[in-house]
Amino acid sequence: MADPLDLESVRALVRERGQEIIEKYSAEGIGIGRATPGDPSYVIVVYLISERREIHEPIDFEGIPLKFEVTGKFRTQT
């Protein structure tokens, strides 16, 4: 179980198991952020292509809260 107050712990979880989160939620990608400004704990931000009705926060992964943001499809610039 990762520690939401320890950035290195959250980074290790994302590195080792991040692909599972992406696949489970059909996410465009993931990142690490804060639940709210000034909050000392970290969350894994899950970037979704579109809103999904079946996702209801709060959800956590190995003790780290997941925060969902609808970003649309990522594009690469050339």
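Here, each number is a calculation from the coordinates, and none is a lab measurement. Since we're looking at a predicted model, the values are computed, not measured. Every residue, glycine as well, gets a Cβ built from its backbone with ideal geometry; the counts of neighbours run over all protein chains shown.
So here's what we get for this one:
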{"item": "Given the chain, longest segment not containing exposed loop GluC sites (Glu not before Pro) (DSSP; at most 16 other Cβ within 10 Å)", "result": "1-50"}
{"item": "Dipole of the chain [Lys/Arg +1, Asp/Glu -1 at C-beta], most positive-end residue of I44, V14, F74", "result": "F74"}
{"item": "Qualifying trypsin sites (Lys or Arg not before Pro) in segment 19-61, DSSP loop, other Cβ atoms within 10 Å at most 11", "result": "R53"}
{"item": "Share antiparallel - DSSP beta bridges, segment 7-70, percent rounded to 5", "result": "65"}
{"item": "Cα-only Debye scattering, the chain: base-10 log of I(q)/I(0) at q = 0.16, 0.23 Å⁻¹", "result": "-0.57, -1.09"}
{"item": "Sparse-neighbourhood loop sites, chymotrypsin sites (Phe, Trp or Tyr not before Pro) in segment 14-78 - DSSP loop, at most 13 other Cβ within 10 angstrom", "result": "F74"}
{"item": "Charge dipole (debye, nearest 20) of the chain; +1 at Cβ of Lys and Arg, -1 at Cβ of Asp and Glu", "result": "360"}
